[in-house]
Structure formats: structure tokens, C-alpha cells
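**Q** Have a look at the structure that comes next, please.
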Amino acid sequence: MANYPLFRMCGLSRRKSTITTIGDMRIGLNATALVAKASVEAFVEHAQAAEADGFESYWVAEHPTGGLDALTVLTVVGQSVRTMELGTAVIPTYPRHPMVLAGQALTAQSSMDGALTLGVGLSHQPMMSELGLTDDKPIRHLRDYLSILVPLIEDGSVDYEGESLSCRATVFRPSTRPPQVLVAALGPQTLRLAGGRTAGTSLAWVGPKTIRNHIVPTMSEAAAAAGRDKPRVLATLPICVTDEPAAIRSRITATAALYAQLPSYQAMFEREGVTEPGELGLVGSEAEVEDQLAGLADAGVTDYAASEFTPSPDERERTRALLKRLAPGLSG
């Protein structure tokens, strides 16, 4: 494992760390670590604790072959929390027709007091092939998908004939507050679709340099051209306050080895100037981690979803204490 120069590898300079350097970036919690446990009760307890600790949002991923439905989980969670935004990060598009997903999202939103955000994405071909789903034109698929999903959610009706998907429908409107839609986007074409047709993007394993120089300008240009609001940028990265940063980065890399093999993420690593997932973690002392969070905000991240990567009890306590200190201060 390389000896990482902490601030240089994150594209940051050493600075005095204060809450104000984080600006308006909202801090939420990513619950991906619970997905394999497949216990709705565990999610409810986890989300209740997150809300009590001041987190502003709570995100659940959906593994395409994992058998756990993220929107169903959040529907149940939404009966127990009141102030947090709840979101999917992300639901793969290929297994579900956009009409089906729109109906489920609208129904879920009507069941909860807080806001729901629907994060969707193409996933990755190795995962989709396990379901027997292949497509040599993913951008066409995503364009068609959003051309159905977004009007159904935002306007309640659609009449669209695409190359890969079609739909003519008017949905029942169980909610007067429709969910926002985010798209997992890395390449220029998906970023333009995200900025031009949705509320923004949901990112994983993308660092501040890439966000500042690639993600934000590409998506913002498309949003401006479409007359849409400034896009949201939701970033999920592992976080750990620790006295052993090199060891934690090595463990992150080992845990996330699959992502380092995927071409879409390899391209983002190359843009960032890193070679391993562990290099992207927010890892170090309290001051160092807070500086790294400030670097994300400076890069244009509007929402950070903390993926707590904390092997020891001491690291869990210190990491959560830092996030608790920051999260309430960002609410107003």
C-alpha cells in the first residue's frame, strides 16, 4: 500500500478546520453497509438514530441481485422518522419499467412526512448480465427511461414513444409533493442527461478534483440550457476518524476491489489521479477529515452521504461524534 500524502491525494491544502468552511453542504448518512443484512428492523433503528444525531438525509442502495427493495425499506423507515430526507442511491433502471418505478416512488412518498428522493442509475454490465439483461446502447436506454419516469413523477402523465421504451399513461396522484429524481452519472452523456432532465446526480467513488472539473461543469451547463435549477451533487464516500489512516485506506481498497475493476470508475480514478478506492476515503484525524469534507463542499458537492467505515469502537465513536457536531450546524 502506498504512503499517501493525505491532503495532496484529496486535492486539498492544509487549512484551519471550521464548520463554516463546509458552507451549505448537507450531511446525510448512507446505509449501504446494512443492505446485505436485509433487516428492515435494522434500517429503522439505524435511521432513527441518524435522525436523532442530526443527519439531514438517509440513503439506501439497491443491489440488483440482492433481493432487498430499497423503496419498500424507505416506506417503512418513513413511518418512524419525520425530518430527514429519504433517498435511494441508487435503484438500477434495467430491471424495472419506469412506469412501475414511478408508481412505487409516488406511493412511497405519500406514506411519509419527509421528502423522498429517487436515485436511479444504469448500474454496471457485469451486474446486469447476471439478470440476463444486456444493452449495447445504454445512453439510449437512459434517455428513454428518463423521458418516461420524470414526466410521470413531475407532471403525472406521459405520452412517449422511444427506441427502447414507450409509455402512455396518467398516474393516480397520491402525493402533491413529488419526489426529486437523481441519476448516477459519470460520463459526459449521462451527466448531460442528469443535468438537463433531473434534479442532479448521485455519485460514489468520485473525488473532489473530478467533481470540480468534470461533474459540476458538465451537468451545470446542461441544466442551464434546459432551464432547470442548479443541479444537486450527492457524493458518497467512506469516512473514518482514526489514528491509523494507512491501515484504514488499505481496508477500504480491499473491500471495494470490485469498483477498481469497472471501466467507468477507472476513468474517474484516472481523472482524480488515484489508483485505489482507499485513496478517496475521508480518513485521518478529526481536523483532517473535516478539511476533506470542506474540500468536497468547495468542489461543488451539495450533499454528502457519509458511509461510516469504522472497524473499531473508538473509530466509530470519533467518526460519529465529528459528524454529529457538523450535521446540526448545517440545518439552518
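**Q** Could you go through region 91-112 and let me know if any residue there is closer than 22 Å to residue 46 by Cβ and charged (D, E, K, R).
**A** no
**Q** Quick check on residue 156: is it over 20 Å from residue 122 (Cα atoms) and open to solvent by less than 10 Å² (accessible area, probe 1.4 Å)? Let's see the steps before the verdict.
**A** Values: over 20 Å from residue 122 (Cα atoms): yes; open to solvent by less than 10 Å² (accessible area, probe 1.4 Å): yes.
So residue 156 fits the description; yes.
**Q** Now a separate question. Would you please list the contacts, defined by Cβ atoms under 7 Å and residues six or more apart or on different chains, that run from a residue in region 249-261 that is under 19 Å from residue 312 (Cβ atoms) and among the polar types (S, T, N, Q) to a residue that is in a helix (DSSP H, G or I) and open to solvent by less than 40 Å² (accessible area, probe 1.4 Å)?
**A** Pairs found: 250/278; 253/277; 253/278.
**Q** Also: For region 39-57, what are the residues that are over 18 Å from the mean Cα position of the chain (by Cα) and either open to solvent by less than 20 Å² (accessible area, probe 1.4 Å) or not charged (D, E, K, R) (or both)?
**A** Scanning region 39-57 gives 39, 40, 42, 44, 48, 49, 52, 54.
**Q** A further question follows. Quick test of your reading of the structure: residue 95 fulfils all but one of (1) touching a Pro at 6+ places or on another chain (Cβ under 8 Å); (2) open to solvent by 10 Å² or more (accessible area, probe 1.4 Å); (3) at pLDDT 95 or above. Name the failing condition by number.
**A** (3)
**Q** Looking at (1) within 21 Å of residue 94 (Cα to Cα); (2) in contact with a His (Cβ under 9 Å, 6 or more places away or on another chain), can you tell me which one residue 206 breaks?
**A** (1)
**Q** So is residue 316 part of a helix (DSSP H, G or I) and either free of Cβ contacts under 8 Å to residues at least 12 places away in the same chain or open to solvent by less than 40 Å² (accessible area, probe 1.4 Å) (or both) or not? First the steps, then the outcome.
**A** Details: part of a helix (DSSP H, G or I): yes; either free of Cβ contacts under 8 Å to residues at least 12 places away in the same chain or open to solvent by less than 40 Å² (accessible area, probe 1.4 Å) (or both): yes.
Considered against the rule, which asks whether it is part of a helix (DSSP H, G or I) and either free of Cβ contacts under 8 Å to residues at least 12 places away in the same chain or open to solvent by less than 40 Å² (accessible area, probe 1.4 Å) (or both), residue 316 comes out as yes.
For every residue, the table says whether it meets (1) open to solvent by 30 Å² or more (accessible area, probe 1.4 Å); (2) of a type in the set (S, T, N, Q); (3) at negative phi.
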{"position": "134", "(1), (2), (3)": "yes, yes, yes"}
{"position": "143", "(1), (2), (3)": "yes, no, yes"}
{"position": "149", "(1), (2), (3)": "no, no, yes"}
{"position": "166", "(1), (2), (3)": "yes, yes, yes"}
{"position": "171", "(1), (2), (3)": "no, no, yes"}
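**Q** Also, quick follow-up: Out of the residues in region 116-132 meeting the condition of being out of contact with any Phe, Trp or Tyr (no Cβ under 8 Å at 6 or more places or on another chain), touching a residue at least 40 places away in the same chain (Cβ under 8 Å) and of a type outside the set (D, E, K, R), tell me which one is surrounded by the most Cβ atoms within 10 Å (Cβ to Cβ). It would help to see each step written out before you state the result.
**A** Just the residues of region 116-132 that are out of contact with any Phe, Trp or Tyr (no Cβ under 8 Å at 6 or more places or on another chain), to begin with: 116-118, 121, 124-127, 129-130, 132.
Now restrict to residues that are touching a residue at least 40 places away in the same chain (Cβ under 8 Å): 116-118, 121, 124, 126-127, 130.
Of the ones still in play, those that are also of a type outside the set (D, E, K, R) are 116-118, 121, 124, 126-127.
Values: 116: 24, 117: 24, 118: 31, 121: 25, 124: 17, 126: 10, 127: 17.
Residue satisfying both the conditions and the ranking: 118.
**Q** Checking the structure you have, find out if any residue of region 194-209 is open to solvent by 50 Å² or more (accessible area, probe 1.4 Å) and farther than 27 Å from residue 306 by Cα.
**A** no
**Q** Let me ask something else. Among the candidates 60, 73, 77, 100, single out the residue that is surrounded by fewer than 15 Cβ atoms within 10 Å (Cβ to Cβ) and either charged (D, E, K, R) or modelled with pLDDT of 95 or more (or both).
**A** Just a single option satisfies the conditions, and that option is 100.
**Q** With (1) in contact (Cβ under 8 Å) with a residue 40 or more places away in the chain; (2) buried (at least 22 other Cβ atoms within 10 Å of the Cβ); (3) more than 19 Å from residue 59 (Cα to Cα); (4) within 16 Å of the chain's Cα centre (by Cα) as the list, and residue 237 as the residue in question, which single condition is left unmet?
**A** (3)
The values are calculated or read from the model by the stated rules, or taken from the named source; none is laboratory data. In this text, all values refer to a predicted model and were calculated from it rather than measured experimentally. Glycine gets a Cβ as well: all are built from the backbone with ideal geometry, and neighbour counts include every protein chain shown. Areas reflect the complete protein model, heavy atoms only, side chains present, ligands, DNA and RNA absent. Shrake-Rupley method; radii C 1.70, N 1.55, O 1.52, S 1.80 Å.
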